[in-house]
Amino acid sequence: MSVLVFAESSEGKFKKSAFEVTSYGKKVSELLGTNMVVLTINSNEPSLLHKYGAQKIITVTNSNLTVFNAKIVSNIIKQVAEKESATTIIVDSGANGLYVAPLIAVELKAGYASNVTALPSSTSPFIIKRKSFSSKAFANCEISTDVKVVSLAKNSFGVFENEVVGSVEEFSATIVESGITSVSIEQTKGKVTIADADIVVSGGRGLKSGENWGMIEELASVLGAATACSKPVSDLGWRPHSEHVGQTGKPVASNLYIAIGISGAIQHLAGVNSSKVKVVINTDPEAPFFKAADYGIVGDAFEVVPKLIEKLKEFKSNNA
Amino acid sequence: MISMKILVCISHVPDTTSKINFTENNTKFDNNGVQFVINPYDEFALTRAMWFKEKQGATVTVINVGNASTEPTLRKALAIGADDAIRVNCEATDGFAVAKEIASVIKNGGYNLVLAGKESSDYNGAMVPGMVASLVDFSFINACIGLEIEGEKATASREIDGGKEVISTSLPLVIAGQKGLVEEKDLRIPNMRGIMMARQKPLNVVEPVNSENATAIASFEKLETKSSCKMIDASNVEELVHLLHTEAKVI
Ligand SMILES: Cc1cc2nc3c(=O)[nH]c(=O)nc-3n(C[C@H](O)[C@H](O)[C@H](O)COP(=O)(O)OP(=O)(O)OC[C@H]3O[C@@H](n4cnc5c(N)ncnc54)[C@H](O)[C@@H]3O)c2cc1C
């Protein structure tokens, strides 16, 4: 028995979620009284994971795997799971984690719980908490199969340092035929993405026009944050669709979410209430968003935001 | 040239504005007063299927795994333009079991393109399409935001963290779609004529293969209600910066 964690890297560098799933996997393996094995593919520095509790690291190095391919990766995970007698497989909830997990579940005849937010509350029966109803509720899901697959919701557990001594072992994996070829990848470089951001600054229809986004971008840049918007804002073409967050847009699970001129409609909240701390700036004291917020300012965004930028700049220079 | 035989997976979910409550000691969703609709992600898949039917020629079958209460949702899909519907007659309580039911229908029906939403807006399992693809050994694209088909060749794009990837593949294929597969403004809604025609279209009820569930829901929890929001005066923005640093520890 063991816990197998897939720690994803991109262009050789670990994604942030790789450290979170490793930290999480370590705790799960302790609960199950077993050891953890971490699998990496084409990572430049697999041994980084020792810092997060990974004793045994298995790496696959293969130039055919520079671009993620779910079918091939699910099969490699199966090969490693069988070799290591893994009974719990853990992946992240990024685009690739969610792509590969159901395929692994079929390969290993395993029950699968996606978007898991906590450690198992019981190991026998195996019960684990996950998001449901578009983040309006949680379900405690019992997985009854021998092998279990879990995808961990981003930022729901955290990264914990737990330095261990260990080994890095190269595994020569069989590469299956996938029937899928990657033609091109477009990625916004140098800009913090909503999925990766610790802080997200989001604007709503209260900002009146796309031309008023300068202060939102400035606030985001002071905080090293990603910018986002409510649905009507992208529908009106004030901002690109890729910034639309909420139930029908991108989910946000940042540490800090700052909502400016957003009323807090149920469909908006559904997508953002996984964020840890929410700040709301709105002229209307009755705006529903205040009920879901941690900190609120009733005020005009055009006055409050420039002041906030100024104060944050002062704060940053004092704490640099 | 092979013809497209499309199966669209339709999940029957509470309307997005529904209040989420649970009964029977928090083990069942309380559907009292709740209106059920086609899962929003599936609407993109269904509209794309209609596009293929009209522009390139295809048959479109819609499928739901569920009890008789889901039939109005399947009728709505027929009213939007699907040719026929299949309901697999069992309670859908586990994604793996649902995937096995759909896989069995695909094998018997000879479908070569399966379009689904990337997740359902109620249980958010995000697993049925991938599992179906794996069970029937079709190619699979998750979080698909664009799909073109020419003969047997398919070009699809999928959302990746911070961007998109363009993929080339071929039929048979399973797609887990979302916004982008078609634009939201192009989503189809039933018109009067469609609703009338839907009454005559076949809705076939098939018995399940009854596979064992891999998961079960032990209980539900509602979100904790926030311990009231701390209000800060608009003239005291400095206080917000201070609290975010010392209390919330997020900056
Ligand atoms: C099926 C469905 C799915 C949906 N999915 C989503 C989704 O994914 N994401 C999403 O966001 N919405 C979604 N919506 C839309 C949602 O219901 C709301 O209409 C939308 O979130 C409102 O956006 P908003 O808060 O920016 O605008 P509004 O509701 O118009 O709110 C603007 C707010 O700005 C405030 N304001 C005005 N002037 C100022 C000022 N100068 N300074 C500060 N505050 C000011 C106002 O008091 C108000 O609260 C969906 C709706 C449906 C039906």
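The table that follows gives values for the structure above.
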{"item": "Cut-off 15 Å (backbone N to label point 7 Å along Cα→Cβ of B:Asp30), residues of region A:118-142", "result": "A:137-138"}
{"item": "0 to 90° range, to nearest 10: angle between helix A:70-83 axis and chain A longest Cα axis", "result": "50 degrees"}
{"item": "For A:271-279, mean number of other protein chain Cβ atoms within 10 Å", "result": "3"}
{"item": "Shape of chain B, Cα gyration tensor, a/c cut at 1.5", "result": "prolate"}
{"item": "Theoretical ellipticity at 222 nm over the protein assembly as shown - DSSP helices of four or more residues, -39500 (n - 2.57) apiece, nearest 500", "result": "-8500 deg cm²/dmol"}
{"item": "Likely footprinting exposure, A:Phe302, B:Phe44, B:Phe29, fewest C-beta neighbours within 10 Å first", "result": "A:Phe302, B:Phe29, B:Phe44"}
{"item": "Cβ-based exposure ranking for B:Glu247, B:Glu43, in which fewest neighbours within 10 Å come first", "result": "B:Glu247, B:Glu43"}
{"item": "Per DSSP, loop GluC sites (Glu not before Pro) in region B:134-206 with at most 13 further Cβ within 10 Å", "result": "B:Glu183"}
{"item": "Neighbour-count ranking [beta-carbon atoms within 10 angstrom, fewest first] of A:Ile175, B:Ile2, B:Ile160", "result": "B:Ile2, A:Ile175, B:Ile160"}
{"item": "At R0 = 56 Å, FRET efficiency that the Cβ-Cβ distance of B:Ala234 and A:Leu31 yields, to 0.05", "result": "0.75"}
{"item": "FRET efficiency estimate (nearest 0.05) - Cβ-Cβ, B:Glu183 to A:Thr66, R0 41 angstrom", "result": "0.80"}
{"item": "For region B:9-54 and region A:172-198, distance of Cα centres in Å", "result": "30 Å"}
{"item": "Filtered trypsin sites (Lys or Arg not before Pro), region A:108-154: DSSP coil and at most 13 other beta carbons within 10 Å", "result": "A:Lys109"}
{"item": "Farthest positive-ward along chain A dipole, Cα basis, beta-carbon charges - from A:Ala228, A:Tyr52, A:Ser114", "result": "A:Ser114"}
{"item": "Highest-first arrangement of B:53-62, A:241-250, where packing means the average Cβ count within 10 Å", "result": "A:241-250, B:53-62"}
{"item": "Distance (nanometres) between label positions extended 7 Å along Cα→Cβ at B:Lys19 and A:Lys51", "result": "4.9 nm"}
{"item": "Helical segments meeting 15 Å axial Cα length and Kyte-Doolittle 0.5 threshold in chain B (DSSP H)", "result": "B:95-109"}
{"item": "Cα centroid separation, region A:25-45 to region A:82-161 (Å)", "result": "14 Å"}
{"item": "Gyration tensor (alpha-carbon) shape descriptor, region B:42-189, a/c threshold 1.5", "result": "rounded"}
{"item": "Descending Cα extents along the principal axes, the protein assembly as shown, whole Å", "result": "68, 63, 50"}
{"item": "Overall form of region A:2-170 per C-alpha gyration tensor (a/c, 1.5; a/b vs b/c)", "result": "rounded"}
{"item": "R0 of 41 Å, Cβ-Cβ distance A:Ser317-A:Asn162: FRET efficiency to nearest 0.05", "result": "0.75"}
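Every number here is computed from the coordinates shown, using simple stated rules; none is lab data. Remember, predicted model here, so these are calculated numbers, not experimental data. Heads up, the Cβs are rebuilt from the backbone with ideal geometry, glycines too, and the neighbour counts pull from every protein chain shown.
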